[in-house]
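Beneath this line is the structure, given in structure tokens, with notes to follow.
The values are calculated or read from the model by the stated rules, or taken from the named source; none is laboratory data. Please read all numbers here as calculations on a predicted model, not as lab measurements. Here Cβ is always computed from backbone atoms with ideal geometry, including for glycine, and neighbour counts include all displayed protein chains. Heavy atoms of the whole protein, side chains included, go into the accessibility calculation; ligands, DNA and RNA do not. Shrake-Rupley method; radii C 1.70, N 1.55, O 1.52, S 1.80 Å.
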Amino acid sequence: SEVAAGVAGVEGVHDVRARRAGRAVLVELHLDLPPELPLRDAHAVAERVRHEIIHHDPQVVSVNVD
């Protein structure tokens, strides 16, 4: 959650879950974003979070951001 919280535009991170599937790790998390943020921009923030988490830990193969 520290990696996600460090992405510009993220105001909060909660309900973080990670589970193993063999050697792979699957991550789910919820983000708090500014309410006035347009949907297109919110999606871009979520994609940056997903990208940062996957690059931070090579065992993470899937990140589901809500």
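Some points to look at:
- Residues considered: Val27, Val49, Val61, Val45. Of these, the only one that is open to solvent by 50 Å² or more (accessible area, probe 1.4 Å), within 13 Å of the chain's Cα centre (by Cα) and among the aliphatic types (A, V, I, L, M) is Val61.
- Where a residue in region 36-56 is within 16 Å of Gly12 (Cβ to Cβ) and its partner, wherever it lies, is open to solvent by 80 Å² or more (accessible area, probe 1.4 Å), with Cβ under 9 Å and at least six apart: Ala46/Asp66
- Positions within region 1-23 being of a type in the set (Gly, Ala, Ser), surrounded by 12 or more Cβ atoms within 10 Å (Cβ to Cβ) and modelled with pLDDT of 95 or more, in sequence order: Ala4, Ala5, Gly6, Gly9, Ala18
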